[in-house]
Amino acid sequence: MSVAELKERHMAATETLNSLRERLKERRLQLLDTDVAGYARAQGKTAVALGPMDLVCCRILQGHTGKVYSLDWTPEKNRIVSASQDGRLIVWNALTSQKTHAIKLPCAWVMTCAFSPTGQSVACGGLDSICSIFNLSSPLDKDGNIPVSRTLTGHKGYVSACQYLPDDDSRLITASGDQTCVLWDISTGLRASVFGGEFQSGHTADVLSVSINGANSRVFVSGSCDGTARLWDMRVASRAVRTFHGHDGDVNSVRFFPDGNRFGSGSDDGTCRLFDIRTGHQLQVYPHPQDNSTPTVTSIAFSVSGRLLFAGYSNGDCFVWDTLLAEVVLNLGSLQNSHEGRVSCLGLSADGSALCTGSYDTSLKIWAFGGHRTVI
């Protein structure tokens, strides 16, 4: 068979595949008679009422000299780790705003960071394609820095995201620009499982985000530049359990809903979306109200109950969405002490009482529910 004939067959197969994808997408839409917001309105539900004084900036964490790319809370809620373009990890006391550790990194181009479940270690990764583990109780080296306690090598592209498994300091999931996710055994430094890559059901572009199911730690979801999110079972690394379509751009952030049956996603297309992992259906779209030059969604998080969705945007907005009614109930970007640049990352404390946002303006801000309101 000639090269020309092979190319012709490949083009025909590609057209058939795209046609089947469109038919499948149309069929899925036909099966959905309504979305979450439509059903909620039909039931007479009303949106959560939030005012400018219900969520206030109570702490400003200053110390980074470069753009803040990532942050994470400890499970006991009083410490935050942040990663910045200045090549440092800083561990903060969220209650006092004081720095407890400032870690100089081997590679300045860090993209992600995470606390271990016990809060004894932090992990980070970036353009060096390595995930570095630091034990916060390790003695300082001769230069006054905390040394790397474990280096996880094996990715062939940048490390874009990392997350420890709940209640297990020895296992970690990473996402990478090499189109794979990896489950690591930190005690040995070896890869326990690789998700994607040569497997056809894996991502076809850079993986940007991961989220482990809090209700079932064997399951996690990943978001990618291929515009999809994929559900994985750690016991079956050879194929994705399910693939979720809907976004028209890179999926920058994914986060499981508190009950573990759903997850949210944020994308370059300016929308957040809610998916059901049991049916594979898209339940709701949360579009940015700006019509032209829609900003991208950089990071998302759910409140403890799941009623609120926090979404950071590239233009400095930070919307608080009512997930049930799909309405913006507050924009932190319009409040006093809001960020002056791109909101690049955000995260909620374990008890849901505070939200931390990080920005390209080099600062982090802690927002707490004020007045009579506690946790939603």
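The values are calculated or read from the model by the stated rules, or taken from the named source; none is laboratory data. For clarity, every value in this text was computed on a predicted model and none was experimentally measured. Please note: Cβ atoms are built from the backbone with ideal geometry, for glycine as well, and neighbour counts cover all protein chains shown.
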(Q) Go through (1) among the charged types (D, E, K, R); (2) surrounded by fewer than 19 Cβ atoms within 10 Å (Cβ to Cβ); (3) under 12 Å from the mean Cα position of the chain (by Cα) for Asp233 and report which single condition fails. (A) (3)
Q. How many of the residues in the range 118-127 are at pLDDT 95 or above and either of a type in the set (Gly, Ala, Ser) or crowded, with 19+ Cβ neighbours inside 10 Å (or both)?
A. 6
Q. Based on what the data block shows, is Thr151 in contact with a Phe, Trp or Tyr (Cβ under 7 Å, 6 or more places away or on another chain), part of a strand (DSSP E or B) and not aliphatic (A, V, I, L, M)?
A. no
Q: For the range 61-87, name all the residues that are at pLDDT below 95 and in contact with a Leu (Cβ under 8 Å, 6 or more places away or on another chain).
A: Asn78, Gly87
Q: Those residues that are under 13 Å from Gly125 (Cβ atoms) and within 14 Å of the chain's Cα centre (by Cα), I need them from the range 182-219; list them, please.
A: Val207, Leu208, Ser209, Val210
Q | Asp141 being in the same structural domain as Gly196 (by TED's automatic domain parsing), farther than 24 Å from Ile212 by Cα and touching a His at 6+ places or on another chain (Cβ under 7 Å) | A | no
Q. Got at least one residue in the range 294-312 being in contact with a helix residue (DSSP H, G or I) (Cβ under 8 Å, 6 or more places away or on another chain) and among the β-branched types (Val, Ile, Thr)?
A. no
Q: Please list, ordered by first then second residue, the pairs with beta carbon atoms under 8 Å, 6 or more apart or interchain, first in the range 189-209 and outside the structural domain of Thr243 (by TED's automatic domain parsing), second surrounded by fewer than 16 Cβ atoms within 10 Å (Cβ to Cβ) and in a loop (DSSP other than H, G, I, E, B).
A: none
Q.
For the condition surrounded by fewer than 17 Cβ atoms within 10 Å (Cβ to Cβ), under 18 Å from Asp72 (Cβ atoms) and among the acidic types (Asp, Glu), what is the one hit in Asp167, Asp185, Asp141?
A. Asp167
Q. Quick one: is Arg230 at pLDDT 95 or above, under 20 Å from Leu346 (Cα atoms) and of a type in the set (Lys, Arg)?
A. no
Q.
Here is a list: Thr112, Thr65. Which entry is hydroxyl-bearing (Ser, Thr, Tyr), part of a loop (DSSP other than H, G, I, E, B) and either touching an Asp or Glu at 6+ places or on another chain (Cβ under 7 Å) or surrounded by 19 or more Cβ atoms within 10 Å (Cβ to Cβ) (or both)?
A. Thr65
(Q) Of everything in the range 162-197, what is in a strand (DSSP E or B) and farther than 19 Å from Thr118 by Cα? Give them in sequence order. (A) Ala175, Ser176, Thr180, Cys181, Val182, Leu190, Arg191, Ala192, Ser193, Val194, Phe195, Gly196
Q.
With the requirement that a residue be basic (Lys, Arg) and over 14 Å from the mean Cα position of the chain (by Cα), what does the range 249-287 give you?
A. Arg262, Arg278
Q. Applying the selection to the range 24-36, what residues are part of a helix (DSSP H, G or I) and at pLDDT 80 or above?
A. Val36
(Q) Tell me yes or no: at least one residue of the range 254-263 is within 19 Å of Asn213 (Cβ to Cβ), assigned to a loop (DSSP other than H, G, I, E, B) and touching a residue at least 60 places away in the same chain (Cβ under 8 Å). (A) no
